[in-house]
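The values are calculated or read from the model by the stated rules, or taken from the named source; none is laboratory data. A quick note: this is a predicted structure, and the numbers were derived from the prediction, not measured. Ideal geometry is used to build each Cβ from the backbone, glycine not excepted, and the neighbour counts take in all protein chains shown. Just the protein is used for accessible areas: all its heavy atoms, side chains included, with ligands, DNA and RNA removed. Shrake-Rupley method; radii C 1.70, N 1.55, O 1.52, S 1.80 Å.
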Amino acid sequence: MALALFDLDETLIAGDCASLWLEYMVAEELAPTGMVAEEQAMMSLYHQGKMDMHQYMAFTLQPLAGKTRQWLDSLCTRFAEQVLRERLYPEGLARIEWHRERGDELVLISASGEHLVAPMARMLGMDHYVAILLDEEEGRLTGQTRGTLSFREGKVARIHQLFAGKEHLWQGSFGYSDSHNDLPMLRAVAHPHGVNPAPALRQCASELGWPILDWQRAEGRAR
């Protein structure tokens with residue numbers, strides 16, 4: 001049994017779930033339209049490796065402040081079914097099944113919020129998920145995060161927290177991601193893979209001899 005770590009956005013799905021979620025909230029009149037342009041500007045910094053994730057999360061979680069966890073879970077489950085399911089890469093699903101048949105420990109690991117990652121982990125039948133945790137007080141979301149953010153080096157730290165005390169944690173492990181922001185995770189695993197890699201990761205993967213996987217959406221669905 002080995003760890004199989006799968007990033008979510010642009011790795012298993014075409015698109016970024018947090019950006020799609022904000023568009024969904026705007027369409028549902030749960031967030032102001034003006035938030036979309038500002039979020040897109042922040043995402044451009046992400047692709048440049050310059051994003052302040054604490055700032056991004058504080059901004060995008062504003063519409064959820066004061067909401068209950070039950071309300072959010074219900075809405076995000078519907079969002080995952082209506083928006084994210086059709087964006088899954090069939091080749092990614094096949095790779096998950098390959099690991100499942102091997103008896104590997106499947107982990108969905110993302111720098112997106114747990115409200116978006118949890119329903120996808122359930123949909124995919126993952127053994128675990130790691131995501132940015134949302135803070136709450138007296139049963140209501142505060143619009144802030146808690147704990148170590150699963151971003152860059154934080155992903156490796158959170159894996160160590162999840163599997164605390166497990167010997168030979170990284171032995172034979174696999175990692176899949178599209179982003180150079182995930183280089184700490186990819187360098188930690190025994191078998192790193194670049195999936196539809198952004199230019200910076202594609203160059204790095206090529207130089208290091210890592211496998212590069214270019215996955216496509218199902219035929220008939222525009223990417």
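For this structure, a couple of remarks:
- Within the stretch 7-27, considering residues that are closer than 23 Å to K67 by Cβ and in a loop (DSSP other than H, G, I, E, B), the one least open to solvent (accessible area, probe 1.4 Å): L8
- Close Cβ contacts (under 8 Å, 6 or more residues apart or on different chains) running from residues in the stretch 1-27 that are under 18 Å from A218 (Cβ atoms) to residues that are β-branched (V, I, T) and open to solvent by 20 Å² or more (accessible area, probe 1.4 Å) comprise L20/V83.
- Residue ID - nearest to A200 (Cα to Cα), chosen from residues in the stretch 36-52 that are assigned to a loop (DSSP other than H, G, I, E, B) and under 17 Å from the mean Cα position of the chain (by Cα): G49
- Pairs, first on the phi > 0 side of the Ramachandran plot and in contact (Cβ under 8 Å) with a residue 60 or more places away in the chain in the stretch 65-78, second of a type outside the set (D, E, K, R) and open to solvent by less than 60 Å² (accessible area, probe 1.4 Å), C-beta under 8 Å, six or more apart: G66/L141; G66/G143
- Every residue from the stretch 106-123 that is touching a residue at least 40 places away in the same chain (Cβ under 8 Å) and either among the hydrophobic types (A, V, I, L, M, F, W, C) or more than 30 Å from L141 (Cβ to Cβ) (or both): L106, V107, L108, I109, A111, L116, V117, A118, M120, M123
- Extreme residue, modelled with the lowest pLDDT, among residues of the stretch 53-78 that are small (G, A, S) and assigned to a helix (DSSP H, G or I): A58
- Condition met for E81 (under 15 Å from the mean Cα position of the chain (by Cα) and of a type in the set (D, E)): no
- The selection criterion, being in contact with a His (Cβ under 8 Å, 6 or more places away or on another chain) and open to solvent by 60 Å² or more (accessible area, probe 1.4 Å), holds for D73.
- Which numbered condition W98 misses (of (1) more than 25 Å from N196 (Cα to Cα); (2) open to solvent by 60 Å² or more (accessible area, probe 1.4 Å); (3) of a type in the set (A, V, I, L, M, F, W, C)): (1)
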